[in-house]
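Report on the structure given below.
Computed from the coordinates by the stated procedures, all read-outs in this text should not be read as laboratory data. Keep in mind it's a predicted model, so treat the numbers as computed, not measured. So basically every Cβ, Gly included, is an ideal-geometry build from the backbone, and we count neighbours across all protein chains shown.
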Amino acid sequence: MSKVSKRRTAMLAVMTASLVFVTTALAQMPTSPWKKGAPFPEPDEELYGVASNGKLYVFGGWDGGKARGAAYEYDPVTDKWTKKTPMPRPTHHSALAAANGKIYVMGGFVPPKDTAIPVGGAWEPIDNAWEYDPANDSCKSLPPLPGKRGAAIAA
């Protein structure tokens, strides 16, 4: 058998084995990897979320044209939402990050001071930052961000 034939045979064997492996793996997969969890406890939108200590935390929210500053914890083990202490300043679109068991909430949007009805681009970004401690459901202020930010991303 020539070198070319040996290579072709080896390549065909690898491809066949790969196809068998993938087909077997797909046959054993559940019909959907997604599972429906408990519904969110109240109507809300524009919440941001972050995972910490095996739970999901969401902050912010927007309801009826107002920033809510809501805080909720979702436990996937019990499939339950728990309302937490609201944010010190109601905002929406705050950046979130988690490290060492704490959650950092930074920036976001608040209504402008000169109008009672914020519309679209009238929302103002802020430079506030907070550290949320899930262990005792408390929030403390941190030094302000270097600049005002809304709808930012943190990691």
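One-quarter of the Cα convex hull surface for region 45-142, in nm²?
Orientation-averaged projected area of the Cα hull: 6.3 nm².
With a 10 Å radius around each residue's Cβ, average the other Cβ atoms per peptide and rank 56-63, 74-81, 104-111, highest first. Don't skip to the answer; put the middle values down first.
Details: 56-63: 21.0, 74-81: 13.1, 104-111: 22.6.
Peptide ranking by packing, descending: 104-111, 56-63, 74-81.
Sequence neighbours fewer than 8 away in the same chain don't count; with that in mind, list the lysines whose C-alpha is under 16 Å from Lys140.
The reachable lysines, counting only those whose Cα sits under 16 Å from Lys140, are Lys84, Lys102.
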